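J.: Sharing a structure here in structure tokens format.
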Amino acid sequence: MINQIKKVGVIGAGTMGAGIAGQVANAGIDVWLLDLPSDGEDVNMLSGKGLERLKDPDMPGLMSKEAENLINLGNTRDHFHELADCDWIAEAVVERLDIKQSLYKKLNDSCKKSTIITSNTSTIPIKLLTEGMPIEFCERFAITHFFNPVRFMRLLELVRGEFTRDDVISTLHEFSEIKLGKGVVPCSDTPGFLANRVGVFAIQCALHNAFELGLSPTEADAFFGRPLGLPKTGVFGLYDLIGIDLMADVVKSLVSILPEDDAFHKYSAPIDFMTKMIANGQTGNKNDKGFYKQDGDGKKVINLSNGNYVPHERLKAPLLEIAEKNGVSEILNDNGPYGLYIWRVLSETLCYAASLVPEVTEDLTQIDDAMKLGYNWIKGPFELLDEIGAEGFINRLKDDGRDVPSFLQKSLPKKFYTALESELSFLGVDGATKPIVRSSGVLRFSEVRQTLKAIHSNESASWYEFEGVAVVEFHSKANALDSGSLDVLTDALSEAEKMGLKGVVIHNDFQHFSCGVSLWGVRDYFEKDDFDALDAFLVCFQNTMLKMRNVNLPVVAAPVGMSIGGGFEVVLHADHVVSHANSVMGLVESFVGVVPAGGGCKETLYRWAENLGDNHKAAWKSFMNIGLGRRANSPTEAGALSMRKADDVFHMNRDYILNIALNSLDNTIKAGARKPLALSGSEHFKEMLEWLTTNHEKGMLTPHDVTVGTEIARIVSGGDCPSGTIFTEQDILDAERSSFISLAQTPETQARIVAMLDNGITLRN
């Protein structure tokens, strides 16, 4: 059915409309992006601006130049006829019923009768949208509610009307899931659907309680974030990201459509302090000033008492560390202000989510999926309730004199999720457990893991046997690599070979694959002045990477999210890579004053040499890639930077990655050890040093950039050795390690690492 959609039209080139068009183009499908005609020479100015937004380097909506070429720009006066033969038309115009209805009448008269038509609205019911339209139009109409930014946010809420045909829904579901890479959550046509209904409630609850309890943005965001399995933006940071003014409009919209007795109204009133911020133009990241701002002196945070900005420092609270290690219950058991804050926010949010069952949905997994896919929560509300313990949660509600949602009360003594043999089930509204059913090809390791027992596990990583395969999962903070990670990976490689398993797959279902070697660990080494121990760690890292290449089993890396620094070095040493279309890859170590030392320089050099057939050019490309910390924001970009091999594959939907990786093992060919390489030598090394000097004089590089760049140049060229000198794989690894240790001993590199860890900034020194 997905092949039925070969041409798409999008009407409305604002943020959402342009984003939808961009994702359709990313899927390799022709799309027309239309908006109102403009006065002047460029009648397609509005649709052109939509395309330009997609090319934002900080948040690129397009995966490649090829995708850009699939977007046709036009306007609703001159190009409306182009929609006549579209298979799907997505409407994303202003949230005015009269404008939408007028557009639908025109589409009904102009388009083929098989065209599927959808709206991106989140506020207007289908019954009103299609009022007065012929029944055959209503049968092919639905709501496809995307989340912003469309390329990166996984959730699509799919809403059917009273007359929407089953085949229309199934076609949209399959196309959106496989081609557009979305996690599709079917929703009833109720106000706010699911994700925004719960998500905005949680945000508003967290916001109002922070003001009421007198917590700073730093304090609130530290606790209403990673310790709960939520994005690190917290609540104030999320307000900045979305836009303080836009969030105010979202709240007003929900207020207008939700029933008067809905608990949302408790937290819907505007906060005077924020009203003044909006009036002052302090609306968030888009204006570079909101609750947080970045200036020449670093990151600052607003003082909620007087409105002044003060230097931002990460909150150092023992409770945070304990909670991240042992779970959210540690915070809830705390009697201090932080424990009270999280209890208020979490209890209100979880009760609100539970109150939507069964009135809004009878399937609690839809609520959990909506929050995980639409708001990047690691665990949904009911998964959190299982972690906390529903019985204790209910008893505390009763102790506080609060009402208990009927679905919560009825759930006892059962859990909301239960692993039965190899199947994960959920609790239905009738009290019976029901298996979670996913689309064919969808395989989430976060669900699979609950039916398995780890063969080897520590705080940083675990590995499991699944379908005759060793599956390795990193699960440290940001999935940073440390001795524990390497220990588990090494054990999985050794034991899988002994057990006769089919191979090894390295994958996780978290936001990011791995953000590199733990800088906290590196900091600990240099603060203790124990560089011998640091060297031993690097030896272990390198040996583990070599084992990946040399073990007599295929090793497949299946990264999602960011694979940077040491995380990307793991990917580089895999025999085969199955990645998500939004994976970000690159060696970014230079930003913190070190060099890749897990074989990253080595593999980059070898790959460029293989692709170019010229070791001199390969050294230069490697020097630029590593020195500038270049990152690929898509597999297409990765291929152009020699970060991705020709036989590596990717998929638009991250939920398909693990399944594809498992199935690829039978056809994966071992890479094996690298042959010695003739390096370009001293002459080329000198050229690189001259380039560094020139760009330093131009003010493009700092003194320490030059120091780091010199070490990178030495590794990829061979330094002072004659041209053509043969270097073995181990020789290059030794050079990487030597440079890393040397740089780690400099005050400049140590200052960069401390600045990144303590303040989240890239120090240019």
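J.: Looking only at region 593-634, filter to residues that are under 26 Å from the mean Cα position of the chain (by Cα) and hydroxyl-bearing (Ser, Thr, Tyr); which one of those is modelled with the lowest pLDDT?
T.: Ranking the candidates gives SER634 first.
J.: Output yes when any residue across region 313-335 is crowded, with 22+ Cβ neighbours inside 10 Å and of a type outside the set (A, V, I, L, M), and no when none is.
T.: The initial filter retains those residues of region 313-335 that are crowded, with 22+ Cβ neighbours inside 10 Å, namely 323, 331.
From the residues that got through so far, the ones that are of a type outside the set (A, V, I, L, M) too are none.
Scanning region 313-335 turns up no residue that is crowded, with 22+ Cβ neighbours inside 10 Å and of a type outside the set (A, V, I, L, M).
J.: Listed residues ILE257, ILE242; which is under 21 Å from the mean Cα position of the chain (by Cα), at pLDDT below 95 and among the β-branched types (Val, Ile, Thr)? Steps first, answer last, please.
T.: Values: ILE257 fails: under 21 Å from the mean Cα position of the chain (by Cα).
Answer to the selection: ILE242.
J.: Taking region 459-495 on its own, how many of its residues are part of a helix (DSSP H, G or I) and touching an Asp or Glu at 6+ places or on another chain (Cβ under 8 Å)? Don't jump to the end; show me each part of the working.
T.: To start, the set of residues in region 459-495 that are part of a helix (DSSP H, G or I) comprises 477-479, 483-495.
Checking which are touching an Asp or Glu at 6+ places or on another chain (Cβ under 8 Å) leaves us with 477, 484.
The total comes to 2.
Each row is one residue, and each column tells you yes or no for (1) of a type outside the set (Gly, Ala, Ser); (2) buried (at least 16 other Cβ atoms within 10 Å of the Cβ).
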{"residue": "THR702", "(1), (2)": "yes, no"}
{"residue": "GLY709", "(1), (2)": "no, yes"}
{"residue": "ILE715", "(1), (2)": "yes, yes"}
{"residue": "GLY719", "(1), (2)": "no, yes"}
{"residue": "PRO722", "(1), (2)": "yes, no"}
{"residue": "ILE732", "(1), (2)": "yes, yes"}
{"residue": "GLU736", "(1), (2)": "yes, yes"}
{"residue": "ILE741", "(1), (2)": "yes, yes"}
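J.: Follow-up question, since we're still on this one. If only one of LEU128, LEU107, LEU213, LEU172 is among the hydrophobic types (A, V, I, L, M, F, W, C) and crowded, with 23+ Cβ neighbours inside 10 Å, which one is it? Break it down stepwise before answering.
T.: Working: LEU128 fails: crowded, with 23+ Cβ neighbours inside 10 Å; LEU107 fails: crowded, with 23+ Cβ neighbours inside 10 Å; LEU213 fails: crowded, with 23+ Cβ neighbours inside 10 Å.
Exactly one of LEU128, LEU107, LEU213, LEU172 is among the hydrophobic types (A, V, I, L, M, F, W, C) and crowded, with 23+ Cβ neighbours inside 10 Å, namely LEU172.
J.: Does LYS276 fit the bill of being more than 28 Å from PHE147 (Cβ to Cβ), free of Cβ contacts under 8 Å to residues at least 60 places away in the same chain, of a type outside the set (Asp, Glu) and not assigned by TED's automatic domain parsing to the domain that holds HIS475?
T.: Details: more than 28 Å from PHE147 (Cβ to Cβ): yes; free of Cβ contacts under 8 Å to residues at least 60 places away in the same chain: yes; of a type outside the set (Asp, Glu): yes; not assigned by TED's automatic domain parsing to the domain that holds HIS475: yes.
Here the answer is yes, as LYS276 does meet what is asked.
J.: All but one of (1) over 28 Å from ILE761 (Cβ atoms); (2) at pLDDT below 95; (3) within 20 Å of the chain's Cα centre (by Cα) hold for GLU637; state the number of the condition that does not hold.
T.: Only one criterion in (1) over 28 Å from ILE761 (Cβ atoms); (2) at pLDDT below 95; (3) within 20 Å of the chain's Cα centre (by Cα) is unmet by GLU637, namely (1).
J.: A further question on this structure: Just checking, which of GLU348, GLU321, GLU260, GLU330 is closer than 30 Å to ASN765 by Cβ and outside any strand (DSSP E or B)?
T.: Details: GLU348 fails: closer than 30 Å to ASN765 by Cβ; GLU260 fails: closer than 30 Å to ASN765 by Cβ; GLU330 fails: closer than 30 Å to ASN765 by Cβ.
Going through GLU348, GLU321, GLU260, GLU330 in turn, the sole match is GLU321.
J.: While we're here: For region 220-241, what are the residues that are surrounded by fewer than 20 Cβ atoms within 10 Å (Cβ to Cβ) and either of a type in the set (Val, Ile, Thr) or assigned to a helix (DSSP H, G or I) (or both)?
T.: Once the filter is applied, which keeps residues that are surrounded by fewer than 20 Cβ atoms within 10 Å (Cβ to Cβ) and either of a type in the set (Val, Ile, Thr) or assigned to a helix (DSSP H, G or I) (or both), region 220-241 yields ARG226, THR233, LEU241.
J.: Kindly evaluate LEU427 against the criterion of being more than 19 Å from LEU658 (Cβ to Cβ) and at pLDDT below 90. Before you say what the answer is, go through the steps one by one.
T.: Working: more than 19 Å from LEU658 (Cβ to Cβ): yes; at pLDDT below 90: no.
So LEU427 does not fit the description; no.
J.: Name the single residue, out of those in region 606-630 being outside any helix (DSSP H, G or I) and touching a residue at least 24 places away in the same chain (Cβ under 8 Å), that is nearest to GLY709 (Cα to Cα).
T.: The first filter runs over region 606-630 and keeps only residues outside any helix (DSSP H, G or I), leaving 613-614, 628-630.
With the extra rule that they be touching a residue at least 24 places away in the same chain (Cβ under 8 Å), the set shrinks to 628-630.
Values: LEU628: 9, GLY629: 11, ARG630: 14 Å.
Filtering region 606-630 for residues that are outside any helix (DSSP H, G or I) and touching a residue at least 24 places away in the same chain (Cβ under 8 Å), the one nearest to GLY709 (Cα to Cα) comes out as LEU628.
J.: To continue, here is another question. Taking the condition of being under 23 Å from PHE531 (Cα atoms) and part of a loop (DSSP other than H, G, I, E, B), how many residues in region 706-754 meet it?
T.: Counting residues in region 706-754 that are under 23 Å from PHE531 (Cα atoms) and part of a loop (DSSP other than H, G, I, E, B) gives 2.
J.: List the pairs whose first member sits in region 358-383 and is within 23 Å of PHE152 (Cβ to Cβ), whose second member is part of a loop (DSSP other than H, G, I, E, B) and of a type in the set (Ser, Thr, Tyr), and whose Cβ atoms are under 7 Å apart, counting only residues at least 6 apart or on separate chains?
T.: Close Cβ pairs satisfying both conditions: ILE367/THR361.
J.: Tell me which of these LEU304 doesn't satisfy, since it passes every other one: (1) assigned to a loop (DSSP other than H, G, I, E, B); (2) within 30 Å of ARG764 (Cα to Cα).
T.: (2)
J.: Just checking, which of LYS299, LYS252, LYS293 is within 26 Å of ASN148 (Cβ to Cβ) and touching a His at 6+ places or on another chain (Cβ under 7 Å)?
T.: On the way: LYS252 fails: touching a His at 6+ places or on another chain (Cβ under 7 Å); LYS293 fails: touching a His at 6+ places or on another chain (Cβ under 7 Å).
The match here is LYS299.
J.: Same structure, new question: Within region 412-430, does at least one residue satisfy the condition of being touching a Leu at 6+ places or on another chain (Cβ under 7 Å), outside any loop (DSSP other than H, G, I, E, B) and without any contact (Cβ under 8 Å) to a residue 40 or more places away in the chain?
T.: For region 412-430, residues touching a Leu at 6+ places or on another chain (Cβ under 7 Å), outside any loop (DSSP other than H, G, I, E, B) and without any contact (Cβ under 8 Å) to a residue 40 or more places away in the chain: present.
J.: If the Cβ limit is 9 Å and pairs must be 6+ apart or interchain, which residue in region 493-504 that is in contact (Cβ under 8 Å) with a residue 24 or more places away in the chain and assigned by TED's automatic domain parsing to the domain that holds VAL469 pairs with which residue that is part of a helix (DSSP H, G or I) and basic (Lys, Arg)?
T.: LEU493/LYS547; SER494/LYS547
J.: Can you name the residue in region 182-202 that is in a loop (DSSP other than H, G, I, E, B) and more than 17 Å from THR118 (Cβ to Cβ) and, of all such residues, is nearest to the chain's Cα centre (by Cα)? Working first, answer last.
T.: Going residue by residue through region 182-202, those that are in a loop (DSSP other than H, G, I, E, B) are 182, 188-194.
Then drop every residue that is not more than 17 Å from THR118 (Cβ to Cβ), which leaves 190-192, 194.
Details: THR190: 28, PRO191: 27, GLY192: 23, LEU194: 20 Å.
Selected residue: LEU194.
J.: Which residues, counting only those in region 653-673, are crowded, with 21+ Cβ neighbours inside 10 Å and either assigned to a loop (DSSP other than H, G, I, E, B) or in contact with a helix residue (DSSP H, G or I) (Cβ under 7 Å, 6 or more places away or on another chain) (or both)?
T.: Within region 653-673, ASN653, LEU658 meet the criteria.
J.: Does GLY284 satisfy being within 23 Å of THR15 (Cα to Cα) and either at pLDDT 95 or above or within 22 Å of the chain's Cα centre (by Cα) (or both)? It would help to see each step written out before you state the result.
T.: On the way: within 23 Å of THR15 (Cα to Cα): yes; either at pLDDT 95 or above or within 22 Å of the chain's Cα centre (by Cα) (or both): yes.
When the stated conditions are applied, GLY284 passes them.
J.: If we scan region 680-692, do we find a residue that is within 26 Å of ASN550 (Cβ to Cβ), outside the structural domain of TYR464 (by TED's automatic domain parsing), of a type outside the set (Asp, Glu) and in contact (Cβ under 8 Å) with a residue 12 or more places away in the chain?
T.: Of region 680-692, the ones within 26 Å of ASN550 (Cβ to Cβ) are none.
Checked region 680-692: no residue is within 26 Å of ASN550 (Cβ to Cβ), outside the structural domain of TYR464 (by TED's automatic domain parsing), of a type outside the set (Asp, Glu) and in contact (Cβ under 8 Å) with a residue 12 or more places away in the chain.
J.: Now a separate question. Mind listing whichever residues of region 86-110 are in a loop (DSSP other than H, G, I, E, B) and at pLDDT below 95? Let's see the steps before the verdict.
T.: Start the filter on region 86-110 by keeping residues that are in a loop (DSSP other than H, G, I, E, B), which leaves 86-87, 92-96.
Once the filter is applied, which keeps residues that are in a loop (DSSP other than H, G, I, E, B) and at pLDDT below 95, region 86-110 yields VAL94, GLU95, ARG96.
J.: Read through the list (1) of a type in the set (A, V, I, L, M); (2) at pLDDT 95 or above; (3) surrounded by fewer than 19 Cβ atoms within 10 Å (Cβ to Cβ); (4) assigned to a helix (DSSP H, G or I), then give the number of the only condition that MET133 fails.
T.: Only one criterion in (1) of a type in the set (A, V, I, L, M); (2) at pLDDT 95 or above; (3) surrounded by fewer than 19 Cβ atoms within 10 Å (Cβ to Cβ); (4) assigned to a helix (DSSP H, G or I) is unmet by MET133, namely (4).
J.: Also: Would you confirm whether any residue within region 65-81 is within 21 Å of GLY22 (Cα to Cα), buried (at least 21 other Cβ atoms within 10 Å of the Cβ), β-branched (Val, Ile, Thr) and touching a Phe, Trp or Tyr at 6+ places or on another chain (Cβ under 9 Å)?
T.: yes
J.: Which residues, taken from region 263-301, are in a helix (DSSP H, G or I) and not hydrophobic (A, V, I, L, M, F, W, C)? Don't jump to the end; show me each part of the working.
T.: Step one: of region 263-301, the residues in a helix (DSSP H, G or I) are 263-267, 272-279, 285-287.
Result: HIS265, LYS266, TYR267, ASP272, THR275, LYS276, ASN285, LYS286, ASN287.
The values are calculated or read from the model by the stated rules, or taken from the named source; none is laboratory data. Keep in mind the model is a prediction, meaning the values are calculated, not measured. Note: ideal-geometry Cβ built from the backbone for every residue, glycine included; neighbour counts use all protein chains shown.
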